[in-house]
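The values are calculated or read from the model by the stated rules, or taken from the named source; none is laboratory data. Keep in mind the model is a prediction, meaning the values are calculated, not measured. Here the Cβ is made from the backbone with ideal geometry for all residues, glycine too, and neighbour counts use every protein chain on show. Ligands, DNA and RNA are stripped out before the accessible areas are found, and what is left, the full protein with its side chains, is counted by its heavy atoms. Shrake-Rupley method; radii C 1.70, N 1.55, O 1.52, S 1.80 Å.
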Amino acid sequence: PRDVDDDLIALMAAAQGRICRHLHLPLQSGSTKVLREMARPYKAEQFKALVDRLYAAMPMLSLSTDVIVGFPGETEEDYQATEEMARACRFSKMHIFRYSKREGTPAARRADQVAPEVKADRAKRLEAVEAELRAADFARRAGTRELALVESDGVATTESYHAVAAPAGAREGDM
C-alpha cells in the first residue's frame, strides 16, 4: 500500500485498460494494533482510505490481498476488524495464511501465541468471507468485458483474477 500514490492511481485510471485494473495490496490485518505489532508501516484506516481512493478512480478495479490470521496477541476483536476490512475493501481474491513461528523473530518469542485451533477456525471463517466476496465480484462483472490471458487448455484468467472459459482455438499466452 505504501507504493501506491495518487500519480499511480491517476495513471491507471487514465490508461483505459492498457494497464491491468488489478492491484495486489497486502493488508495482513485489519487491526491497526496487529499491524503495529507486525511492524507494518501503515494503519488500517490509511489502508481503507487508499482503497476508497482507488475505487473512486476505478470503480471496476480488482483488489487481491494477503492476510495473516493468528498473529501473536491477535484477539477475536482484532480478527473481526480484519473480516470487516475485507468486506469493506471488496477483495476479489484473498491469500489467507495462518501465522507460523519463524525462529529469530520477535513474534516467535512472544508468550501470547494464538492456539492452532483458533488460527484454523479464523482461517476457515475468513475463507468463507473470501468465497462470498469473490462470488459477488464475479457477479458484479457480468456483462462486462475484460482482457484475459489464456493460461491452460480452455481456461483464461481475467484481469480481475477470475477463471473463465477461453474462446475455442485460443492458445496459451493469447490475450
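Please work out if residue 72 is more than 16 Å from the chain's Cα centre (by Cα) and either modelled with pLDDT under 95 or over 19 Å from residue 137 (Cβ atoms) (or both). Answer is yes for this residue. The set of residues from region 87-138 being of a type in the set (Asp, Glu) and either part of a loop (DSSP other than H, G, I, E, B) or under 30 Å from residue 162 (Cα atoms) (or both) comprises 103, 112, 121, 127, 130, 132, 137. If I filter region 139-159 for residues that are open to solvent by 60 Å² or more (accessible area, probe 1.4 Å), in a loop (DSSP other than H, G, I, E, B), basic (Lys, Arg) and touching a strand residue (DSSP E or B) at 6+ places or on another chain (Cβ under 9 Å), do I get at least one hit? No, region 139-159 has no match at all. Selection over region 1-32 of residues that are part of a loop (DSSP other than H, G, I, E, B), of a type in the set (S, T, N, Q) and in contact (Cβ under 8 Å) with a residue 12 or more places away in the chain gives a count of 2.
Do the conditions hold for residue 50, that is, is it under 29 Å from residue 122 (Cα atoms) and in contact with a strand residue (DSSP E or B) (Cβ under 9 Å, 6 or more places away or on another chain)? Answer is no for this residue.
Can residue 164 be described as open to solvent by less than 60 Å² (accessible area, probe 1.4 Å) and assigned to a loop (DSSP other than H, G, I, E, B)?
no
Each residue in region 82-113 was checked for being hydrophobic (A, V, I, L, M, F, W, C) and crowded, with 19+ Cβ neighbours inside 10 Å, and 6 pass.
Taken together, the residues in region 1-23 that are surrounded by fewer than 17 Cβ atoms within 10 Å (Cβ to Cβ) and either farther than 21 Å from residue 157 by Cβ or modelled with pLDDT of 95 or more (or both) amount to 11.
Do we have any residue at all in region 119-128 that's in contact with a helix residue (DSSP H, G or I) (Cβ under 8 Å, 6 or more places away or on another chain), open to solvent by less than 60 Å² (accessible area, probe 1.4 Å) and touching a residue at least 40 places away in the same chain (Cβ under 8 Å)? Checked against the condition, which is being in contact with a helix residue (DSSP H, G or I) (Cβ under 8 Å, 6 or more places away or on another chain), open to solvent by less than 60 Å² (accessible area, probe 1.4 Å) and touching a residue at least 40 places away in the same chain (Cβ under 8 Å), region 119-128 yields at least one hit.
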